[in-house]
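Notes follow the structure.
FYI, it's all coordinate maths here, none of it is from the lab. Just so it is clear, the structure is predicted and the values come from calculations on it, not from any experiment. Ideal geometry is used to build each Cβ from the backbone, glycine not excepted, and the neighbour counts take in all protein chains shown.
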Amino acid sequence: MKPCPQSSLTRLITDASALLVALTCAHTALNAAPPQPEYHRDTAKGAFKRPTSVPHPKDNPPTPDRISLGKALFFDPRLSRANNISCGSCHNPSFAWGDGLPKGVGHGSKEVGRRTPTILNTAWAETLFWDGRASSLEEQALGPIAAPGEMNMPLDQVLAKLKSVPGYLPLFEKAYPGEGISEQTIAKAIAAFERTVISGTAPFDEWIAGKENAISDTAKRGFDLFNTKANCVKCHSGWNFTDDGFHDIGLADADIGRGAHLKELESMQHAFKTPTLRNVVQRAPYARRIGTKPQGGRAVLQPRRRREATQSFARDCSVEPDRRRSRRAHSVHGNPHEHRSARRTADPSDRFSRPRFP
Ligand code: HEC
Ligand code: HEC
């Protein structure tokens with residue numbers, strides 16, 4: 001695959017046109033892929049239906065007590081050594097559960113090595129992290145607490161600290177009777193909460209469900225491109241726009257991603273997990289290696305009309321509507337600001353309402 005032009009990515013990071021650049025990169029890289037022999041829009045739409053239930057592991061079925069405990073832990077900065085960072089500092093609901101930064105900022109205000117991915121829809125993720133090194137949310141949850149660069153809190157200390165907060169034990173008892181405050185119950189509660197962090201219904205979903213006028217004709221052409229010539233669907237497949245696979249899209253840098261865990265597999269060197277494109281307009285800057293030096297190559301912008309179609313698809317339909325959409329659209333469709341109104345709701349398990357700290 002040809003290297004993608006990094007300089008353009010850097011230039012455009014704050015703007016939805018970064019989508020276009022990513023698109024152009026992938027398009028350039030994948031030009032060689034054979035086109036689908038026959039394309040039918042209706043058949044293609046069938047692959048994008050939203051699931052009707054949320055998966056969870058057998059030993060951690062969700063209950064309101066587990067979810068609200070998990071939410072308190074997720075947003076509680078006391079889980080960090082300096083009492084100033086929570087999971088929610090980097091996975092911030094206002095930035096579609098990312099942080100809007102080129103790279104995450106952890107303990108001591110220092111940058112961590114990679115960009116913070118969203119935790120939206122991770123209930124469905126087969127592997128976690130850019131390099132897939134964790135295989136469940138339960139397994140993942142303790143990592144950032146102990147990681148020196150993130151929350152920098154050794155796990156024995158976090159247990160002692162939580163036990164010293166009088167209100168936490170009763171919450172753990174309600175959520176996991178008889179299990180107490182342990183590494184396992186902390187991880188299970190956080191994971192149960194994370195499984196409620198699901199992207200809302202977008203105009204795209206309504207269109208897929210059969211409401212023909214839910215998205216514009218331009219966005220529909222974007223969908224066609226996504227599925228044919230641009231072939232984004234090769235990796236950004238299904239309702240969550242990810243194949244949960246690992247790919248090298250040609251942004252060469254020192255980080256070898258999945259390759260660090262699968263050294264013998266050449267295809268995994270510099271391969272990274274395909275991110276979801278849900279709510280992507282709220283998650284700039286994009287891609288994991290923003291800020292590295294350009295590796296050569298030239299951005300070939302697509303003809304104007306095609307560019308409009310693909311941008312419109314990303315903005316208006318493949319993801320939730322962004323801020324530029326009309327109020328009417330917000331009221332009719334999924335609303336990126338839904339947390340504002342939802343904050344007023346009393347349901348503690350609602351993912352956007354305020355956490356209740358003990
Ligand atoms: C300092 C910022 C920071 C904090 C604090 C933080 N994270 Fe993350 N999170 C990241 C970064 C960066 C990654 C990607 C790391 C990688 O791929 O190597 C990540 C990855 C993840 C993922 C994987 C998402 C995916 O799609 O693969 C999950 C889930 C997650 N974090 C949950 C949490 C939880 C739970 C906490 C709190 C216990 C937490 N994070 C605290 C920055 C942070
Ligand atoms: C070969 C698989 C593959 C194809 C095809 C592909 N992508 Fe990607 N895409 C990825 C991977 C992997 C990443 C993450 C790369 C990284 O950060 O190192 C990514 C990142 C992105 C991002 C940044 C998202 C974020 O949260 O950082 C966007 C936007 C995107 N792709 C859109 C597209 C579009 C539009 C197309 C079609 C033109 C496309 N991609 C084709 C694999 C692919």
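Here the extension length gained between N83 and F357 equals 97.3 nm, from 0.36 nm per residue of separation less the Cα-Cα distance. When you count the other C-beta atoms within 10 angstrom of each residue and take the mean per peptide, 188-200, 55-67, 96-108 line up highest first as 188-200, 96-108, 55-67.
Spin-label model, S94 to R41: label points 7 Å out along the Cα-to-beta-carbon direction sit 3.9 nm apart.
Under 5 Å from the amide H of V105 lie the amide H atoms of V112, each residue being 5 or more positions distant or on a separate chain, with H modelled from the backbone and absent for Pro and chain starts. Count the lysine pairs in segment 154-258 whose Cα atoms lie under 30 Å apart, taking only pairs 8 or more positions apart in sequence or on different chains. Close lysine pairs under the 30 Å cut-off: 10.
The slack between L265 and S109, meaning 0.36 nm per residue of separation minus the straight C-alpha distance, is 52.6 nm. Between Q184 and R50, the contour length at 0.36 nm per residue exceeds the Cα-Cα span by 45.2 nm.
Taking amide hydrogens as placed 1.01 Å from N in the peptide plane, the amide H of G98 sits under 5 Å from those of N92, each at least 5 positions away in sequence or on another chain.
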